[in-house]
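What follows draws every value from the coordinates through simple rules; no lab data is involved. This is a predicted model, so every value here is computed, not measured. Glycine gets a Cβ as well: all are built from the backbone with ideal geometry, and neighbour counts include every protein chain shown.
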Amino acid sequence: MILGKKVRLYPTKEQEQKLWQSVGTARFIYNWTLARQEENYKNGGK
């Protein structure tokens with residue numbers, strides 16, 4: 001059974017910058033969504 005694979009990337013500087021930008025965007029969206037869910041829960045929502 002294969003549980004996961006590790007892959008090593010060798011991005012150029014430009015690609016690395018884009019990867020980190022994407023990670024930052026995903027983190028922002030995750031935190032924003034989590035805050036909205038917590039706010040909704042505090043206000044009596046599910």
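Here are a few things to note about the model shown:
- Farthest toward positive dipole pole in the chain [+1 Lys/Arg, -1 Asp/Glu at C-beta], among Gln21, Gln37, Tyr10: Tyr10
- The equivalent ellipsoid that matches the C-alpha gyration tensor of the range 5-46 spans semi-axes of 35, 12, 4 angstrom, in descending order.
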